[in-house]
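Taking it in order: structure first as structure tokens, then the write-up.
The values are calculated or read from the model by the stated rules, or taken from the named source; none is laboratory data. Everything numeric in this text was worked out from a predicted model, so none of it was measured. FYI the Cβ positions are ideal-geometry reconstructions off the backbone, even for glycines, and counts take in every protein chain you see.
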Amino acid sequence: MVLQVERGSPADAAGILAVRRGLAGLAPGDVIVRLGDVRVRGEPTLQAALEALSPGDVEVELVRDVGLATERTMTVTVQLAAPTGQ
């Protein structure tokens with residue numbers, strides 16, 4: 001589950017949502033299930049997939065509103081930047 005999205009980041013620009021406060025309490029963050037061609041099964045898989053990608057556009061499949069009546073799967077495009085210092 002996405003816990004934080006930095007304002008102005010590529011994830012923010014793509015519309016990825018982190019855990020947030022709503023009127024009924026905490027709303028779940030998006031759950032990333034695929035990054036490019038890699039099925040994400042947890043943080044280690046996500047980190048390895050990110051490290052293997054080159055800068056540019058990547059499709060991210062995510063589940064929004066997990067466990068709620070509005071739960072849905074969607075795909076967004078994130079423009080990856082080069083790592084800082086490279």
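Below are the figures for this structure:
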{"read-out": "Output for the range 22-46, where each listed residue is without any contact (Cβ under 8 Å) to a residue 12 or more places away in the chain and among the charged types (D, E, K, R)", "value": "Asp37, Arg39, Arg41, Glu43"}
{"read-out": "2 or more residues touching a His at 6+ places or on another chain (Cβ under 6 Å) and either of a type in the set (Ser, Thr, Tyr) or modelled with pLDDT under 90 (or both): qualifying strands (runs of 3 or more DSSP E) within the chain", "value": "none"}
{"read-out": "Subset tally (residues that are under 17 Å from Ala11 (Cα atoms), over 13 Å from the mean Cα position of the chain (by Cα) and in contact (Cβ under 8 Å) with a residue 12 or more places away in the chain) for the range 66-86", "value": "2"}
{"read-out": "Among the residues listed as Ala27, Ala48, Ala82, the single one being hydrophobic (A, V, I, L, M, F, W, C) and in contact with a Lys or Arg (Cβ under 6 Å, 6 or more places away or on another chain)", "value": "Ala27"}
{"read-out": "The one condition in (1) over 15 Å from the mean Cα position of the chain (by Cα); (2) without any contact (Cβ under 8 Å) to a residue 24 or more places away in the chain that Ala49 fails to fulfil", "value": "(1)"}
{"read-out": "When residues of the range 44-65 are limited to those that are surrounded by 14 or more Cβ atoms within 10 Å (Cβ to Cβ) and not hydrophobic (A, V, I, L, M, F, W, C), the one nearest to Pro10 (Cα to Cα)", "value": "Glu61"}
{"read-out": "Any hit, the range 23-39, residues being within 13 Å of the chain's Cα centre (by Cα), of a type in the set (Gly, Ala, Ser) and surrounded by 10 or more Cβ atoms within 10 Å (Cβ to Cβ)", "value": "yes"}
{"read-out": "Residues satisfying the stated conditions in the range 45-83, i.e. under 20 Å from Leu17 (Cβ atoms) and acidic (Asp, Glu)", "value": "Asp57, Glu59, Glu61, Asp65, Glu71"}
